[in-house]
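The values are calculated or read from the model by the stated rules, or taken from the named source; none is laboratory data. As the structure is a prediction and not an experimental result, all values here were calculated from the model. We place every Cβ from the backbone using ideal geometry, glycine too, and count neighbours over all the protein chains shown. Ligands, DNA and RNA are stripped out before the accessible areas are found, and what is left, the full protein with its side chains, is counted by its heavy atoms. Shrake-Rupley method; radii C 1.70, N 1.55, O 1.52, S 1.80 Å.
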Amino acid sequence: MKILITGVAGFIGSNLALALLERGYTVVGMDNMSQGHELNMADFIHHPRFTMLREDVRDATAVNRAMEGCNAVVHLAAYKIPRYSDALDTLLINSIGSHNVLEAAIKHKCRVLSASTSDVYGKNPNVPFREDSDLVIGNPTIKRWAYAISKVFDEQLHFAYHDRHGLEFVILRFFGGYGPNQNLTWWGGPQSVFINAALEEREIEIHGDGQQTRS
């Protein structure tokens, strides 16, 4: 099979690309390199069954061209919680990018696996979470909800494409993933920040009162 991975230079995308290539798949990688890194692809960038496209998922023409001849697409390209900027990039990249991927998937008859997030559960206090749990989103004036809202929209978009066009898809809501190629700042999640603080014998920063529910 030939598989397109958006966000291939990121943490999950780079690990997935290497695993697929080792299993004999042909992989097309797409990334605008705004958050990913070339070092993450060092183990496979020159692999004969890997093609790298430095493109943006907001470019519908580029997405359509990248998906030509593919059997499936793993859509990982996204912006996360806007901690250090406004929310506009998060909202537009995630919504427009997913729309372009799904449009191309219908055209090329590709199956879709898309990344969502545990953030969609929002402020729901009822743990453990289930696939059919309510998604409780906070005040729209708080920009941290932009990521969750964009992913809820993405999920609804997949179901709408299934209803109208018969799209075959799976959505994964990731919880606290960590491992090789993870971004070492808060962008990549708390694990690497906490681990580095411990290794350097610095105080580990705790947010809130420690009673938060997550994974």
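Quick notes on this structure:
- All conditions but one from (1) among the hydrophobic types (A, V, I, L, M, F, W, C); (2) closer than 26 Å to residue 128 by Cβ; (3) over 16 Å from the mean Cα position of the chain (by Cα) apply to residue 186; the one that does not is (3).
- Residue within the range 101-118 that is at pLDDT below 95, in contact with a strand residue (DSSP E or B) (Cβ under 8 Å, 6 or more places away or on another chain) and open to solvent by less than 70 Å² (accessible area, probe 1.4 Å) present: yes
- Scanning the range 144-155 finds no residues that are β-branched (Val, Ile, Thr) and in contact with an Asp or Glu (Cβ under 7 Å, 6 or more places away or on another chain).
- Residue match in the range 72-86 (condition: touching a residue at least 12 places away in the same chain (Cβ under 8 Å), over 20 Å from residue 32 (Cβ atoms), part of a loop (DSSP other than H, G, I, E, B) and over 17 Å from the mean Cα position of the chain (by Cα)): no
- Among (1) touching a Gly at 6+ places or on another chain (Cβ under 8 Å); (2) farther than 16 Å from residue 182 by Cβ; (3) polar (S, T, N, Q); (4) part of a loop (DSSP other than H, G, I, E, B), the one test that residue 51 misses: (4)
- Inside the range 135-164, residues that are in contact (Cβ under 8 Å) with a residue 24 or more places away in the chain, more than 17 Å from residue 86 (Cα to Cα) and open to solvent by 60 Å² or more (accessible area, probe 1.4 Å) make up a count of 1.
- Pairs are defined by a Cβ separation below 7 Å, a sequence spacing of at least 6 or placement on different chains, a first member in the range 39-64 that is more than 20 Å from residue 1 (Cβ to Cβ) and in contact (Cβ under 8 Å) with a residue 40 or more places away in the chain, and a second member that is buried (at least 16 other Cβ atoms within 10 Å of the Cβ) and charged (D, E, K, R); the pairs so defined are 60/103.
- Looking only at residues of the range 38-65 that are among the basic types (Lys, Arg) and in contact with a strand residue (DSSP E or B) (Cβ under 9 Å, 6 or more places away or on another chain), we find that the one that is most open to solvent (accessible area, probe 1.4 Å) is 54.
- Checking 160, 148 one by one, the residue that is in contact with a Gly (Cβ under 8 Å, 6 or more places away or on another chain), among the aliphatic types (A, V, I, L, M) and part of a helix (DSSP H, G or I) is 148 and no other.
- Taking the criterion of being assigned to a helix (DSSP H, G or I), among the polar types (S, T, N, Q) and open to solvent by 10 Å² or more (accessible area, probe 1.4 Å), the only residue of the range 1-26 that qualifies is 15.
- Selected residue (criterion: least open to solvent (accessible area, probe 1.4 Å)) from residues of the range 165-190 that are modelled with pLDDT of 95 or more and of a type in the set (Val, Ile, Thr): 171
- Number of residues in the range 67-85 that are farther than 25 Å from residue 173 by Cα and buried (at least 17 other Cβ atoms within 10 Å of the Cβ) equals 0.
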